[in-house]
Amino acid sequence: MNITPAGSRMAWDGGALVVTSETALARVNKPHLSASSAKGFHGCPAKQAASSILPRDFDLFGAAERGSAGHLVLEMLYQLDPQERTRDKATEIMVSLARGDKQPGEEDYQARIGGDQAVEARWFTEVSKLVDGLFVLEEPAIIEVFATEKKLDGITVGRDVPFKGFIDRTDYGPNGLTVGDYKSGRVPNLSFGDDHGDQIRLYKVALETMTDMEVTAGTLLYLDHAESRRVSFAPRDIRRSLDDFSDAWDIMQSSVREARFETKPSVLCSWCPLVNACPSAPAVKAGPSAERALTSRAGQRSAVDLGIPVLREQDRQTVLDMAQKVIAPKPVEPVTAAHMTVTGETAPQLSKENVVTVTVRGAREEGKPWESTVNGALQYNSYASQATLGIATFAAKCLKANGMPVSPDTIRQLSGVIARTVLSVQVTVTNGSRDWGEGANSRIRAAVYSYITEVGAVPPFGQSPEHWSAWQSRVANYTLAVLRTSEEIFNGTIDAGIGALTSVPLERVA
């Protein structure tokens, strides 16, 4: 790891990070704000500042580096003519990146791999997972691309905040443009906020400002899990995203003026580059994520390596309360430099007020039916679990009923199609909700199941992606028609006439 002491540029003052170098402060004081930086300032200003100041070590298999590689492959793929956008062509692009000469502005993957066949094979495998996820979600050959890596700059959004960003891909849609963003890693739980949705909504506003073209849809493509999500463009959601973005700009500006960045401890502290020196970082407590959190902390720079002096102490104590035995490194003795104290490191250190406690037991925990998750995992006693398990079970029955092989892969793929259909209808009728535990989700699923099994909308097994897309639209439109009819019945506005029925050849109906 490339160690660069930060003591001459930063210091701890109680629970805040003070930037003591004008040069370092200039790296934080950007003339614009991106969606990701806004998320950072809302999450923890101290972490965001440190991320801008500290040099980042390149890890070929790190989450960010792996995601960047996948993004680059797909960017190059979608710059080709539609008929060339095949899975084999994507492999050719990966090979050219790993073995060819570095292109301007790109990472030198050939140098990073260093001719090591084992490293190259692992890199191909990791990046291929992202590419494979894309081909499950869509057929690249039929996408009409407006732009890849569209640069957004020189504009303001919200309360006149200078905005900068790059849209992974912008497509032509039936009624306007569609902005899309590739994501690697986990699909986030929207109960904790919608940073990804905010990003897409900011792209919509910024692109419309730049081009005078209407953006009518936004999509998030979670490649690792082959899941996609349509983002709500409801006016209230756009207003909230713009307000949050403007608030983040205000936080950045005030923090820079004072050269002081407050800490905001959370369960994400273990993934911060300052965690082993931060006076506010909470201890790792027992729970499903404890091992990952401790592993991440162990990979971050130590307090001594960081060398950030303490101007004023915050009340601290070492707490490590694990249900299972964890061996922690021995404490490092405090050292003195330039009349400032570098606090000795134990693993981990925290303030008494910020202990995050998670209860763990041997078996998977259960909660109330309306609690979708417990400790970040699906809670099997929940309404949400009934919904998702019901879809998977229905998919298996549907496969068997149609003489198709019933395997983990076929169950997962058909479940994904049905789930996306259900959520697309739910988002439409609830103005953006994707909560599996809602009553609306239950009614929508019932209508979808009925259409497939009773009305006879047999899934187009063995046919092209276009057939599957058309089938999914047909099921969604039927379900919406049923829901709207039910509302008309309730409201007493349904047409009592029978004109449409008199033209139906009833003798044809079995």
#### Entry: Total residues in the range 137-155, condition part of a helix (DSSP H, G or I) and either out of contact with any strand residue (DSSP E or B) (no Cβ under 9 Å at 6 or more places or on another chain) or of a type outside the set (A, V, I, L, M) (or both)
3
### Query
If you check every pair at least six apart or on different chains, which have Cβ atoms under 8 Å apart with a residue in the range 197-212 that is over 16 Å from Asp168 (Cβ atoms) first and a residue that is among the charged types (D, E, K, R) second?
Glu208/Glu214
### Count of residues meeting criterion [under 18 Å from the mean Cα position of the chain (by Cα), surrounded by 22 or more Cβ atoms within 10 Å (Cβ to Cβ) and of a type outside the set (S, T, N, Q)] in the range 222-259
4
### Query
Is it fair to say Ala457 is of a type in the set (Gly, Ala, Ser) and modelled with pLDDT of 85 or more?
no
### Task
Determine whether the range 297-317 contains at least one residue that is at pLDDT 85 or above, surrounded by 16 or more Cβ atoms within 10 Å (Cβ to Cβ) and either under 30 Å from Val422 (Cα atoms) or touching a helix residue (DSSP H, G or I) at 6+ places or on another chain (Cβ under 6 Å) (or both).
yes
### Task
Output yes when any residue across the range 150-171 is surrounded by fewer than 19 Cβ atoms within 10 Å (Cβ to Cβ) and more than 18 Å from Ser34 (Cβ to Cβ), and no when none is.
yes
### Query
Restricting attention to the range 424-449, which residues are in contact with a helix residue (DSSP H, G or I) (Cβ under 8 Å, 6 or more places away or on another chain), without any contact (Cβ under 8 Å) to a residue 24 or more places away in the chain, surrounded by fewer than 18 Cβ atoms within 10 Å (Cβ to Cβ) and part of a helix (DSSP H, G or I)?
Ala440
### Task
Give the residue, chosen from Leu202, Leu221, that is over 22 Å from Leu72 (Cβ atoms) and at pLDDT 95 or above.
Leu202
#### Entry: Spans of helices (runs of 4 or more DSSP H) in the range 1-92 with at least 3 residues among the small types (Gly, Ala, Ser) and over 20 Å from the mean Cα position of the chain (by Cα)
45-53
### Query
Which pairs do you get when a residue that is acidic (Asp, Glu), found in the range 118-137, comes within reach of a residue that is modelled with pLDDT under 95, reach meaning Cβ atoms under 7 angstrom, with the pair 6+ apart or on two chains?
Glu120/Ala98; Glu120/Ile113; Glu126/Phe61; Glu126/Arg66
### Task
Go through the range 13-31 and give me each residue that's at pLDDT 90 or above and either touching an Asp or Glu at 6+ places or on another chain (Cβ under 9 Å) or among the small types (Gly, Ala, Ser) (or both).
Ala16, Leu17, Val18, Ala24, Ala26
### For Ala35: the one exception among (1) over 20 Å from Ser128 (Cα atoms); (2) buried (at least 20 other Cβ atoms within 10 Å of the Cβ); (3) in contact with a helix residue (DSSP H, G or I) (Cβ under 7 Å, 6 or more places away or on another chain); (4) modelled with pLDDT under 95
(4)
#### Entry: Residues within the range 450-494 that are under 30 Å from Ile143 (Cβ atoms), over 31 Å from the mean Cα position of the chain (by Cα), hydroxyl-bearing (Ser, Thr, Tyr) and loosely packed, with under 13 Cβ neighbours inside 10 Å, tallied
0
### Query
Name the residues in the range 93-124 that are assigned to a loop (DSSP other than H, G, I, E, B) and over 28 Å from the mean Cα position of the chain (by Cα), would you?
Gly100, Asp101, Lys102, Gln103, Pro104, Gly114, Gly115, Asp116
#### Entry: Unique match (being more than 24 Å from Glu65 (Cβ to Cβ) and of a type in the set (A, V, I, L, M)) among Ala118, Ala141, Ala111
Ala141
#### Entry: Enumerated strands (runs of 3 or more DSSP E) restricted to the range 201-318, each holding at least 1 residues that are touching a Phe, Trp or Tyr at 6+ places or on another chain (Cβ under 8 Å), of a type outside the set (S, T, N, Q) and more than 25 Å from Tyr182 (Cβ to Cβ)
310-312
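The values are calculated or read from the model by the stated rules, or taken from the named source; none is laboratory data. Remember, it's a predicted structure, so these values are computed and weren't measured experimentally. Heads up, the Cβs are rebuilt from the backbone with ideal geometry, glycines too, and the neighbour counts pull from every protein chain shown.
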